[in-house]
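Heads up: the structure comes next, in structure tokens.
The values are calculated or read from the model by the stated rules, or taken from the named source; none is laboratory data. Keep in mind that what you see is a predicted model, and the values were worked out from it rather than measured. Methodologically, a virtual Cβ is constructed for each residue, glycine included, from the backbone with ideal geometry; neighbour enumeration extends over all protein chains shown.
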């Protein structure tokens with residue numbers, strides 16, 4: 001049987017991509033940073049595109065020059081950085097890395113919740129001043145977590161929050177029953193965001209970035225939250241209106257934040273968020289586990305074997321919805 005031609009948009013020197021050598025019995029794998037680098041022969045015969053780190057424009061170039069293409073896989077869970085009208089209109093299925101990084105993101109959220117429930121900033125200040133200070137702290141089991149975007153990441157968060165005895169609320173577009181609902185005390189459809197927010201001690205944004213979700217957390221939403229509430233973001237930065245959030249934090253309209261993603265990354269050095277004592281910042285590292293790149297490559301290898309054997313692919317995206 002003839003080998004399947006796979007093209008990869010990525011740096012050929014990336015060590016992780018050596019894991020694709022395991023496909024050598026079934027596939028001819030070509031790797032380059034650009035469509036031009038892949039070359040006309042590889043593109044003409046390509047049946048699979050694995051986007052490791054290619055830009056939106058380079059994916060469009062591949063689509064235009066690969067007439068035999070049957071499937072596109074994207075390394076990340078988020079598709080906002082690569083989605084284009086050309087990709088949306090193309091008939092091939094698109095899959096993503098959803099689920100590969102969810103467990104670590106769920107752990108980051110619990111870390112952020114504990115950071116504020118135990119008032120670790122206050123502990124650190126007392127330590128720096130060599131001051132023995134006794135004060136009351138909170139138990140997570142007495143708190144409510146609201147999850148904005150109950151997809152795979154949201155389900156990983158809910159599972160961990162429920163393990164700590166928290167009351168868990170979740171918001172998503174379709175509230176029909178699905179696996180993971182057993183960890184949620186109440187589901188809300190997207191239009192009911194303002195009904196959910198006043199109930200929450202922690203509001204965790206885990207929604208994908210689409211035209212409908214950009215700035216879905218803005219001034220009106222922060223005004224709905226408790227003054228004691230914490231905002232967290234492990235989804236996409238622009239889902240939160242960062243200027244509105246900064247103002248809510250500056251004026252103590254809400255208590256604090258635990259943020260892994262931002263509207264502009266790297267976070268600019270002159271961002272006021274850096275100097276706020278009520279903001280816990282991670283440099284978009286909450287999914288950077290020791291093996292995160294290997295996990296992403298191995299998931300593609302698993303997907304390839306499913307596709308080759310005519311088994312259902314995991315993580316087929318709704319290209320019109322954007323996730």
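When the stretch 75-125 is limited to residues that are free of Cβ contacts under 8 Å to residues at least 60 places away in the same chain and in contact with a strand residue (DSSP E or B) (Cβ under 7 Å, 6 or more places away or on another chain), the one that is surrounded by the most Cβ atoms within 10 Å (Cβ to Cβ) turns out to be 82.
Okay, residues lined up against (1) without any contact (Cβ under 8 Å) to a residue 60 or more places away in the chain; (2) more than 16 Å from residue 154 (Cα to Cα); (3) part of a helix (DSSP H, G or I):
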{"residue": "176", "(1), (2), (3)": "yes, no, no"}
{"residue": "182", "(1), (2), (3)": "yes, no, yes"}
{"residue": "188", "(1), (2), (3)": "yes, no, no"}
{"residue": "191", "(1), (2), (3)": "yes, yes, yes"}
{"residue": "196", "(1), (2), (3)": "yes, no, yes"}
{"residue": "203", "(1), (2), (3)": "yes, no, no"}
{"residue": "220", "(1), (2), (3)": "yes, yes, yes"}
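Going through (1) in the same structural domain as residue 17 (by TED's automatic domain parsing); (2) touching a helix residue (DSSP H, G or I) at 6+ places or on another chain (Cβ under 8 Å); (3) outside any strand (DSSP E or B) one by one, residue 88 falls short only on (2). Each residue in the stretch 133-148 was checked for being surrounded by 12 or more Cβ atoms within 10 Å (Cβ to Cβ) and in a helix (DSSP H, G or I), and 1 of them qualify. The single residue among 60, 72 that is assigned to a strand (DSSP E or B) and either within 29 Å of residue 260 (Cβ to Cβ) or out of contact with any strand residue (DSSP E or B) (no Cβ under 8 Å at 6 or more places or on another chain) (or both) turns out to be 72.
When residue 130 is tested against (1) within 29 Å of residue 76 (Cα to Cα); (2) out of contact with any helix residue (DSSP H, G or I) (no Cβ under 6 Å at 6 or more places or on another chain); (3) not in a helix (DSSP H, G or I), just one condition goes unmet, and that condition is (1).
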